[in-house]
1. Which of the helices (runs of 4 or more DSSP H) contained wholly in segment 1-105 include at least 2 residues that are modelled with pLDDT under 70?
2. Is it the case, given these coordinates, that residue 712 is open to solvent by 10 Å² or more (accessible area, probe 1.4 Å), free of Cβ contacts under 8 Å to residues at least 12 places away in the same chain and not in a strand (DSSP E or B)?
3. Checking the conditions here, which among 190, 211, 222 is open to solvent by 70 Å² or more (accessible area, probe 1.4 Å) and either part of a loop (DSSP other than H, G, I, E, B) or modelled with pLDDT of 95 or more (or both)?
4. Can you name every residue in segment 691-714 that is in contact with a Lys or Arg (Cβ under 8 Å, 6 or more places away or on another chain), more than 18 Å from residue 635 (Cα to Cα) and among the hydrophobic types (A, V, I, L, M, F, W, C)?
5. In segment 73-92, how many residues are aliphatic (A, V, I, L, M) and out of contact with any helix residue (DSSP H, G or I) (no Cβ under 6 Å at 6 or more places or on another chain)?
6. So residue 699 ticks every box in (1) part of a loop (DSSP other than H, G, I, E, B); (2) modelled with pLDDT of 95 or more; (3) under 28 Å from residue 432 (Cα atoms) but one. Which box is left unticked?
7. Among the residues of segment 557-597 satisfying the criterion of being without any contact (Cβ under 8 Å) to a residue 60 or more places away in the chain and among the small types (Gly, Ala, Ser), which is surrounded by the most Cβ atoms within 10 Å (Cβ to Cβ)?
Amino acid sequence: MRLLRILGIAAAGIILIILSAYFYFTRDLPSLGTLEEYHPNLVTNVYSHDGRIIGEFYIERRVVVPLSKIPPHLITAFLAAEDTRFFEHEGISYISILRAMFKNMLAGKVVQGGSTITQQLAKSFLSSERKLSRKVREAILAYRIEKHLTKDEILTLYLNQIYFGNGAYGVQTAAESYFGKDVHDLDLSEAALLAGLPKAPSKYSPYASMELARKRQEFVLERMVEEGFITAEDAAKAASKKLKLRPRKADSLGIAPYFTENIRIYLEEKYGQEALYKGGLEVHTTLDVEAQKAANIAVRDGLREYDKRHGYRGTDATLKTREETDAFRAEADKKMLYDPLREGEIYKGLITAVNSRNPAIMVDIGSRHGVVTGADLEWAKLYNPSNTPNGGRPEPDISKIFHAGDVVEVMVKYMPPQASMILPLKLEQEPLAQAALLAIEPETGAIRAMVGGADFSKSQFNRATQALRQPGSSFKPIIYTAAIDRNYTPATIVMDSPLVFDETIKETQWRPRNYDEQFEGPTTVREALARSRNIITIKVLKDIGIDHVLNYARLLGINSPLARDLSLALGSSAVTLEEMTTAFATLANMGVRPETMYITKVADRSGTVLEEDRPFSTPVISPETAYIMTSLLQSVIERGTGMRARALGRPAAGKTGTTNNLNDAWFMGYVPGLAAGTWLGYDEERELGRGETGGRAALPIWLRFMQGATAGTPIRSFPAPEGIEFARIDPATGLLASSATEDPVFEVFKAGTAPKEVSVGAARDSSPDFFMMDTGSRPKTKKAEPLEPED
């Protein structure tokens, strides 16, 4: 009796221990309801206005596909490699464990695992700690999964959950990442390679080692033959097939990193990190992919052209040993396996020879041979190792600049028809300056293109929206807009003559000057803006009042702090490119200021719309004033500081901007339907170099962008609103032209504001000397000619 009592107590103790252990190991396992409703981490996709992918945000890059989309040979490849008894066991395969132990003992190392597919799935829901307790929990969870999910449901979860390396989670993403195709298009050879990856993704990745990847693939194929899934002939054919690695990447993906970074910040603030990086949001934006491509090329080329004007700074590095050069070539060849050379792209190359007699340098990109000759090399003869814009010196002998072993940047001009042919290359160098571009659709405020700097990977600071820089003369249209609403007209005459202001506190004098340090005497408002005359703008600002201009700046979208002094006329107050582009878009939109718009719709993974945005705009100035300003800004391009923009070949309005110290170069402008602004300068605000004005440094970027963005679109004119009249005037006096007037012009006015008096042919220097101050000398006058002044 006593023995029975002892056995009973012992049995009860064992049961208690087992129950305690069970509850201990299962206390925080995922609930089965969670598994049944499991939603794997998905990618948040960002789309352009026409539905093209431009960005992705994720922790795990995964695209979920149903089992019906996965080819049978991929499924059997996984079963052969990971779990041949999957359809027979209940989560744990003791036979597989014993077989793995036996094979591992024979091999003297771990060559096969004993975990089932269900256990591997369970593992993905648990911590990654290497403890016996986790293995026990894994086995319990695997058993539970088998009891509550079908085999097909388990396979579907597993094949969409596992990691394949190269940032790919799930079979669909793996198929895209390695072979550039959908999972249902994989052949047996590709399927066997993918099925071999989950065991050790980094080790067996074909990008890391094709040899190891092939060995693992052969193992999978052998197991498929052993299990009767395929024949030996099928396996041999698949093993001998040449694998072509070609990761799928839409040409639009990543095209606008500064734009998508703005989107990311907004989404994270509004919806949180969980939804952004795991929730699979669908985000539709205003970006235009073709316009963005044009913007990227324009900024890249504009910066590099500016940089080359100031000389070659020297090599990036010099490789001195055979080991260094071999490693450099091997690394380049490795990259070209999955990212082949492309026309117009820039690469690091290695100089192998220099010919100074017939100037040329031989450059290798990996194992490909290329050459730089002629004009593609000529710019480097201005040698400038000082890194200062004006520090270049001529060096006709290129052997003193380039040496074998130097690492240089080169651009592929075009791809020759045969791989054995010499690559034609252009010498490049990474610019030190920065540039930004922003394009807005005036009618809606939709951001169509954005470039915030030279290279997002090196600097995420967005110079289109965050940088505060002095706009220089590009601010003048805001002053003249305010003046048009204070009874100025394009024909108003203002004297371009010296000004002196006494600064009592500093006991100094301020003598503002024009860029060319000349004075043109009586000048129309149209001519003053076209030629960017500083003195006249200061006089106009003084006449209409600083507070009046500050109010108009706010109306047009300038929210940054502005100076309450006459230096405002010269663009002395720092603003953002986004503010300036909004102001010019308002002029383009007949005086209606658009609110900039980035996002049109956000939906969750189920398609439920979370937000939908509509264009919003505010009328701030009259259509008549806006049209007159557009007409004035057209003159800037037709015969003023923006004449280079005439190459666009369609009606356009714009304004150059250059700061007094040549630190900043701007061009702001628009055509019907699109407004854009460009800026070029150094982050540390130093001089751009001699002659680097807005018209020379920034305008070419704007022009190249507009040429690309408007290509194939109909040419449109700026429509005139009601309340506008035209009159034939004498440009020398601003009065109505008479029969005796030489070179009369048609001018635009608000209805009822055209001059009533007829010109009698008075000379310019007999006109009223508006705001002329006594400086002891008469102004030098210069006849206005249709030549481009520097600004």
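1. 2-26, 32-36
2. yes
3. 222
4. Correct list: 709 only.
5. 2
6. Among (1) part of a loop (DSSP other than H, G, I, E, B); (2) modelled with pLDDT of 95 or more; (3) under 28 Å from residue 432 (Cα atoms), the lone unmet condition for residue 699 is (1).
7. Across segment 557-597, the extreme among qualifying residues is 557.
Table: residues versus (1) basic (Lys, Arg); (2) in contact (Cβ under 8 Å) with a residue 60 or more places away in the chain; (3) not in a strand (DSSP E or B).
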position: 314; (1), (2), (3): no, yes, yes
position: 325; (1), (2), (3): no, yes, yes
position: 329; (1), (2), (3): yes, no, yes
position: 341; (1), (2), (3): no, yes, yes
position: 364; (1), (2), (3): no, no, no
position: 380; (1), (2), (3): no, yes, yes
position: 396; (1), (2), (3): no, no, yes
position: 403; (1), (2), (3): no, yes, yes
position: 408; (1), (2), (3): no, yes, no
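The values are calculated or read from the model by the stated rules, or taken from the named source; none is laboratory data. All of these numbers come straight from a predicted model, not from anything done at the bench. Every residue, glycine among them, receives a Cβ derived from its backbone with ideal geometry; neighbour counts consider all protein chains shown. What goes into the accessible areas is simple: the full protein's heavy atoms, side chains included, and nothing from ligands, DNA or RNA. Shrake-Rupley method; radii C 1.70, N 1.55, O 1.52, S 1.80 Å.
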